[in-house]
Amino acid sequence: MVFRMGRKDAEENDLPKLTHGDSNTNMIEKVQGFGFNRREFVTLMGSHTLGFASMEATGPQGRWTQNPHVFDNSYFKEVLLGERSKFLKTKAEILLATDPELRRICEEFAQDESLFFTEYAAAHVKMSELSQEQNLLSEFDEASSKANGGYIEPQIE
């Protein structure tokens, strides 16, 4: 598989948009409608380990984890704490903590950061490339830069 550098359409996309008003069923249905399974939904929710809920949010209630600048598996540890967590909990986090299947996945990721990283990478690529096959750029010039499964550096004269 050739690594693709990214999308050239930085303006609009068809990514699923979850809102705080979505019901639990609606959240899962939206994500499944875009071809993601329940495990990938949980995996992608792990992105909340980074950042804040909004630009105006400050303090522990505006973020999902202790350190919103480090990508790790702490989001899942906080989800599993439920009401004992001092950080932000939306309907999505409550769903992850209370649905038996989703909770089991959170437990796996909370215990095995490497597993989370591996599955997150695949789910992130899938999300990034969603319905954008025609817009994906390749780091390779397909016609001239591949040889025997490798890359040939262009000759500069």
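Taking the range 90-102 on its own, how many of its residues are without any contact (Cβ under 8 Å) to a residue 24 or more places away in the chain and crowded, with 18+ Cβ neighbours inside 10 Å?
Residues meeting the conditions: 1.
Say we look at the range 61-116 and pick out the residues that are among the β-branched types (Val, Ile, Thr) and in a loop (DSSP other than H, G, I, E, B); which of these is farthest from residue 49 (Cα to Cα)?
Filtering the range 61-116 for residues that are among the β-branched types (Val, Ile, Thr) and in a loop (DSSP other than H, G, I, E, B), the one farthest from residue 49 (Cα to Cα) comes out as 90.
Output the residues belonging to the range 118-134 that are within 16 Å of residue 48 (Cα to Cα) and surrounded by fewer than 16 Cβ atoms within 10 Å (Cβ to Cβ).
121, 124, listed by residue number.
Among the small types (Gly, Ala, Ser) and at pLDDT 85 or above: does that describe residue 47?
yes
The values are calculated or read from the model by the stated rules, or taken from the named source; none is laboratory data. Predicted model, so just to flag it, every value in this text is computed and none were measured. As a convention, Cβ positions derive from the backbone with ideal geometry for all residues, glycine included, and neighbour counts pool all protein chains shown.
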